[in-house]
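Visitor: Following this message is one structure expressed as structure tokens.
Read-outs: derived from the displayed coordinates by stated rules, not from any lab. These numbers come from a predicted model, not from an experiment. Positions of Cβ are generated from backbone atoms using ideal geometry, with glycine treated the same way; all protein chains shown enter the neighbour counts.
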Amino acid sequence: MTARMSNMPAWRQILGLLGWLILCFAAAAIGAVASADAGAFYEQLVRPVWAPPSWLFAPVWTLLYALMGVAAWLIWRVRGFKEGKTALVLFIVQLGANALWSWVFFVWREGGFAFAEVILLWCLIVATAISFRRINPVAAALLLPYLAWVTFASALTFSTWRLNPDLL
């Protein structure tokens, strides 16, 4: 099956790549809806001195979603969904957890829940990367910047939550 999937027609590979990118950016859009007014809220929060400026989040996340889409496509391209089901379902679950975080933090303003949720997201990313590595090490490596950013985001979420007990 692996050889057949990697020898699929170019048009199907391109459509597959577009599909995975659309899925990733759909998750981004769900998070973006929740963070539409996040700039003003973020600016009023007491943040640690090492917190990045709000303008940095959009370009970083754009790059990370693109890397995630390519990583998932590489797995799908080699195994298809049927044979790559475990890895790809893990990927989709972590993508859902990713989209949920913005709602928990910015809309519901639940700092403790947002921290627990980002820790769950971190664990799901690690599980996805391990699962991807068994199929395609390059796909796993493409998730490492995402894991690094979510590691940073976890510390930022915790610190911001603790610094703002009346707002979060």
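Visitor: Bin width 5 Å, alpha-carbon pairs only: give the P(r) of segment 13-63 as whole percents, running from 0 to the bin holding the largest distance.
Guide: 4, 16, 22, 21, 15, 9, 7, 4, 2, 0
Visitor: If you count, for each residue, the other Cβ atoms within 10 Å and average over each peptide, how do 15-23, 53-61 line up from highest to lowest?
Guide: The densest-packed peptide leads the list: 15-23, 53-61.
Visitor: Sum -39500 (n - 2.57) across every DSSP H segment of at least 4 residues in the chain, then divide by the residue count to get the 222 nm mean residue ellipticity, nearest 500.
Guide: -26500 deg cm²/dmol
Visitor: Using the crude model of +1 on Lys and Arg Cβ and -1 on Asp and Glu Cβ, and no other charge, please compute the dipole size for the chain relative to its Cα centre, in debye to 20.
Guide: Computed charge dipole of the chain: roughly 820 debye.
Visitor: Hey, another quick one. Let's test the formula: R0 of 22 Å, r as the Cβ-Cβ distance of Phe152 and Ser54. What FRET efficiency results, to the nearest 0.05?
Guide: 0.90
Visitor: Let me ask you something else. May I ask you to order 74-80, 42-48 by the average number of other C-beta atoms within 10 Å around their residues, highest value first?
Guide: Highest mean packing first, the order is 74-80, 42-48.
Visitor: Continuing with the same structure: Inverting the mean 1/r over all pairs of different Cα atoms, compute the Kirkwood radius of the chain and quote it in Å.
Guide: Taking the inverse mean of 1/r over all distinct Cα pairs, the chain comes out at 16.7 Å.
Visitor: For the charge dipole of the chain, defined by +1 on Lys and Arg C-beta atoms and -1 on Asp and Glu C-beta atoms about the Cα centroid, which residue among Ala29, Ala51, Gln13 has the Cα displaced farthest towards the positive pole?
Guide: Gln13
Visitor: Roughly how many nanometres apart are two label points built 7 Å out from the Cα toward the Cβ at Cys123 and Leu15?
Guide: 3.8
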